[in-house]
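The values are calculated or read from the model by the stated rules, or taken from the named source; none is laboratory data. Not measured: the values here are computed from a predicted model. Because the Cβ atoms are built from the backbone with ideal geometry, glycine has one as well, and the counts that use them run over all protein chains shown. Side chains included, ligands, DNA and RNA excluded: accessible areas come from the protein's heavy atoms. Shrake-Rupley method; radii C 1.70, N 1.55, O 1.52, S 1.80 Å.
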Amino acid sequence: MCGIVGYLGAKEAMPILLDGLKRLEYRGYDSAGMAVMGDNGMDIRRSVGKLKELETQLLTSPLRGSVGIGHTRWATHGRPTENNAHPHQVGHIAVVHNGIIENYLELKKQLMAEGHTFTSETDTEIISQLIYKYSSQGAAFAEAVRLALHQVRGSYAIVVINAREPRSIIGARKESPMILGLGNGENFLASDVPAILSHTRRMVFLEDNDLVIMTDAGVTIQDLAGNPLDRPVTNITWSPAMAEKAGYKHFMLKEIFEQPRALIDTFRHRVDPHQGEIILEEFHLTPEEVKRLQKITMVACGTSFHAALVGKFLLESLCRLPVDVDLGSEFRYRDPFVNPETLLISISQSGETADTLAGLREARSKGARSLAICNAVGSSIARESESVFYTHAGPEIGVASTKAFTTQLVSLYLIGLYLAKELGYRSAEQIRGDLQALFQLPTLLQEVLDGDQVIREIGQNYMKANNFLYLGRGIHYPIALEGALKLKEISYIHAEGYPAGEMKHGPIALIDEHMPVVVLATRSPVFEKMMSNVEEVIARRGRVIAVSEADNFTVREKVETTLPVPATSLELSPILLTLPLQLLAYHIADLRGTDVDQPRNLAKSVTVE
Ligand code: AGP
């Protein structure tokens, strides 16, 4: 997610904007920039890399003026380059933007046909071009912004300055956060509280389709039709440290709660529910090459490896192709069998995991086609893959991967549907039905998140255990592995994930009254088998915690504790069932007082062997 700051007042804007951007650095970014209205008009500085690059530029070539906008960019469309950095200036207009404009390609074609020339690869430049167009046709500043926003589809939080109205700033938001800060003789706009908390605690949390006009006379808030709106002013009592986490105690908890939004941002611009189509904008195998595929091999590490295991179930079922899954650290050294009829899918949140990157290189050296599922635009694994499917989870700060994992799962589902249609196993009509279940998923996730405090109370009953077992069958077996990894890596409790059918081959010897056993027991083709495993555990006095439907009384009557989940399709159930396990791990770790965001011995991205 990008960071945005805007300032209009009597002080020099540059230091205020720079300080605000620094306080948003935790959000992750790959380039930065700012624009200020000076005595000689609008002046812009932009840089790739960290803010210190921009700061160095500003030291030698400062921006003077008391109206300005600043931006840190987390690339979604277009590589991290100076040209793609914000602000995007077109004539007398400059814009900074956080969000995704879904229809930017069609609007770009339309504007180019009208004679507009573009200088970047970004979706944001569309907004600058449209506002410039309407302003040049005589529309007043706010009207030009409204006309532009009526054209775009997608999410935005924008701040706009206009060289023809140097003492004005306009902000607007839809589905991306934006906050208005009210000062004395000065006002602020920002994508998040920390950016402006040192200047004011009086904030307005703007709502979707709000438009803010800031001038020296003050601030007005309107809807997109120009009608005045009245929004409450909140007095923020958070400390700066709390503000970075939006009031959550840890980044991990904040990121767990961001998952409904992250899923929507990942799938929404890639599906056409009317046509029953999946749109993979950076998938470069022709239909003939897809048909020639003989197998799919997936390579990843850690949580991403668990995503790949779920992907095996999805892709084999949807595409009727054999799917291998391997750990990067193993694949890279076993002289694997891959060839030009193999599609190598690498999965990586950071895009920099050394073992996964080495696996990708090994497969490409043998002629395999390559697709990366990655959360970091322009990262090594993304750059070295022929095709890429970016998750739009936003920066994941907590070492334990949460929203990256569930967006990887939804990415694998979409890729599976796309390939299934290409291979003739899925019709447009069937995909329309699949997409209906997908569109309901964010609401179902929120239902689980609403039970957060209950899960914390449950965590209190198990926080002193020394060992946990996690059991699942079929497509839920990888979720058992993931649940165990979440618990062990942040609470330091030993936890193992196991295919439930394997219990009788050894692990059942571990079961006693001290052993909490988490079971994934929702209705599925193997539910009866799963219940047999539950009975085996109970017969040995194991303490069963079941993830199951709220109305699944067959389970609830038998087990010690139930973590309820709503019903969904089998293919999407791994995404849903992960959430209570993330929350259980988080609360047990927090109750045990470990460093949840930075667990001992771990790094967010393992860029070495
Ligand atoms: C999982 O919570 C860990 N953070 C770790 O296993 C991680 O998934 C693994 O290191 C792979 O990282 P990547 O997705 O960035 O490649």
Exercise for review: Mind listing the long-range amide H neighbours of Leu563? Cut-off is under 5 Å, sequence gap 5 or more, other chains count too, H placed in the peptide plane at 1.01 Å from N.
Suggested key: Ala546, Val547, Ser548
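Set the Förster distance to 35 Å, then compute FRET efficiency between Arg201 and Leu105 from the Cβ-Cβ distance, nearest 0.05.
On the way: r = 42 Å, r/R0 = 1.19.
About 0.25, to the nearest 0.05.
Filter Lys529/Lys558; Lys254/Lys604; Lys52/Lys133 down to the pairs with a C-alpha to C-alpha distance above 26 Å, please. Could the numbers behind the result be given before it?
On the way: Lys529/Lys558 15 Å; Lys254/Lys604 16 Å; Lys52/Lys133 34 Å.
Pairs exceeding 26 Å: Lys52/Lys133.
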Study note, to complete from the structure: Ranking Ala393, Ala404, Ala358 by how far each Cα lies towards the positive end of the charge dipole of region 350-405 (+1 on Lys and Arg Cβ, -1 on Asp and Glu Cβ), the top one is Ala358
Study note, to complete from the structure: Listed by chain and number, the lysines with an alpha carbon less than 21 angstrom from that of Lys291, same-chain partners under 8 positions apart left out, are Lys312, Lys366, Lys421
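Compare Lys108, Lys312 by solvent-accessible area with a 1.4 Å probe and give them largest first, with all protein chains kept in place.
On the way: Lys108 35, Lys312 65 Å².
Sorted descending by solvent-accessible area, the residues read Lys312, Lys108.
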Review point. According to a simple spin-label model (label point 7 Å from Cα along Cα-to-Cβ), what is the distance in nm between Asp272 and Asn184?
Key: 5.8 nm
Exercise for review: Roll a 1.4 angstrom probe over the protein heavy atoms and tell me the percent of accessible area of the chain that is carbon or sulfur.
Suggested key: 50 percent
Check your understanding: Pulled fully out, how much extra length does the chain show between Leu423 and Glu82, if you take 0.36 nm times their separation in residues and subtract their Cα-Cα distance?
Key -> 118.7 nm
Review point. Given the C-alpha centroids of region 183-258 and region 561-609, what is the distance between them in whole angstrom?
Key: 30 Å
Revision key, fill the gap. Using alpha-carbon positions, the gyration tensor of region 245-372 gives root eigenvalues a ≥ b ≥ c; with a/c under 1.5 called rounded, otherwise prolate if a/b exceeds b/c, else oblate, the class is oblate
Exercise for review: Which order do the peptides 187-194, 152-159 take when ranked by the mean count of other beta-carbon atoms within 10 Å per residue, highest first?
Suggested key: 187-194, 152-159
Revision key, fill the gap. Mean Cβ-within-10 Å packing, highest first, puts peptides 110-118, 169-177 in the order 169-177, 110-118
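With +1 on each Lys and Arg Cβ and -1 on each Asp and Glu Cβ, and nothing else charged, work out how big the dipole of region 1-152 is about its Cα centre, in Debye to the nearest 20.
Working: 15 positive and 16 negative charges, 47 e Å.
The calculated dipole for region 1-152 is roughly 220 debye.
Using the crude model of +1 on Lys and Arg Cβ and -1 on Asp and Glu Cβ, and no other charge, please compute the dipole size for region 489-609 relative to its Cα centre, in debye to 20.
Working: 11 positive and 17 negative charges, 29 e Å.
Computed about the Cα centre, the dipole is about 140 debye.
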Review point. Relative to the present Cα-Cα distance, how much length would full extension add between Lys249 and Tyr26 at 0.36 nm per residue of separation?
Key: 78.8 nm
**Study point:** Whole-Hz ³J(HN,Hα) from phi, Karplus 6.51 cos²θ - 1.76 cosθ + 1.60, for region 430-441, glycine and proline x
**Key:** 5, 5, 4, x, 4, 5, 4, 5, 5, 5, 7, 4
Review point. Using the Kirkwood radius built from alpha carbon pairs, what does the Stokes-Einstein equation give as D for region 417-544 at 25 °C and 0.890 mPa s, in µm² per second?
Key: 147 µm²/s
Study note, to complete from the structure: Here the net charge surrounding Ile475, from other residues whose Cβ is less than 14 Å away from its Cβ (Lys, Arg +1; Asp, Glu -1), is +1
Review point. Can you give me the Cα centroid spacing of region 375-432 and region 1-27 in angstrom?
Key: 33 Å
Review point. Quick one: if the Förster radius is 30 Å, what FRET efficiency do Glu55 and Asp450 give, using the C-beta to C-beta distance and rounding to 0.05?
Key: 0.10
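For a Förster distance of 35 Å, can you work out the FRET efficiency between the beta-carbons of Arg541 and Glu330, rounded to the nearest 0.05? Provide the component values of the computation, followed by the final result.
Details: r = 37 Å, r/R0 = 1.05.
Working from the Cβ atoms, E equals 0.40.
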Review point. List the GluC sites (Glu not before Pro) in region 213-302 that DSSP assigns to loop (not H, G, I, E or B) and whose Cβ has at most 15 other Cβ atoms within 10 Å. Which are they?
Key: Glu281, Glu282
Practice item. Using the Cα centre as the reference, give the magnitude of the dipole from point charges on the C-beta atoms of the chain (Lys, Arg: +1; Asp, Glu: -1; all else neutral), rounded to the nearest 20 debye. Key: 440 debye
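Taking only DSSP H segments of four or more residues, each worth -39500 (n - 2.57), what value at 222 nm results for the chain once the sum is divided by all its residues, to the nearest 500 deg cm²/dmol? All intermediate terms of the calculation are to be shown ahead of the outcome.
Details: 20 runs with 223 residues, N = 609.
The per-residue figure over the chain is -11000 deg cm²/dmol.
With every protein chain present, what is the per residue accessible area of the chain (1.4 Å probe, Å²)?
Dividing the accessible area of the chain by its residue count gives 37 Å².
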Exercise for review: Determine by what factor the alpha-carbon radius of gyration of the chain differs from 2.2 N^0.38 Å, reporting the quotient.
Suggested key: 1.01
Point to revise | Glu282 versus His514: modelled label distance in nm, points set 7 Å from Cα along the beta carbon direction | key: 5.0 nm
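Determine, for each peptide in 380-389, 45-54, the mean count of other beta carbons within 10 angstrom over its residues, then list the peptides with the highest first.
Numbers: 380-389: 20.8, 45-54: 18.2.
Result, highest mean first: 380-389, 45-54.
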Practice item. Choose one of Leu469, Val534, Leu438: the residue whose Cα lies farthest towards the positive end of the charge dipole of region 396-538 (beta-carbon charges +1 Lys, Arg; -1 Asp, Glu; about the Cα centre). Key: Leu438
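How large is the direction-averaged shadow of the alpha-carbon convex hull of region 374-450, in nm²?
Mean orientational projected area (region 374-450, Cα hull): 6.6 nm².
Quick one: net charge around Trp238, please, counting Lys, Arg +1 and Asp, Glu -1 for every other residue with C-beta under 15 Å from its C-beta. All intermediate terms of the calculation are to be shown ahead of the outcome.
On the way: positive: Arg23, Arg201, Arg202, Lys245, Lys249, Lys254; negative: Asp192, Glu244.
Around Trp238, the charge tally is +4.
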Check your understanding: Counting Lys +1, Arg +1, Asp -1, Glu -1, what net charge surrounds Gly181 among other residues with beta carbon under 10 Å of its beta carbon?
Key -> +1
Check your understanding: What residues qualify as long-range amide H neighbours of Thr297, i.e. H under 5 Å apart, gap of 5 or more or another chain, H built at 1.01 Å from N?
Key -> Asp324, Leu343, Leu344, Ile345
Study note, to complete from the structure: Of the residues Pro566, Gln582, Thr554, the Cα lying farthest along the dipole of region 544-593 towards its positive end, which is defined by charges on the beta carbon of Lys, Arg, Asp and Glu, belongs to Gln582
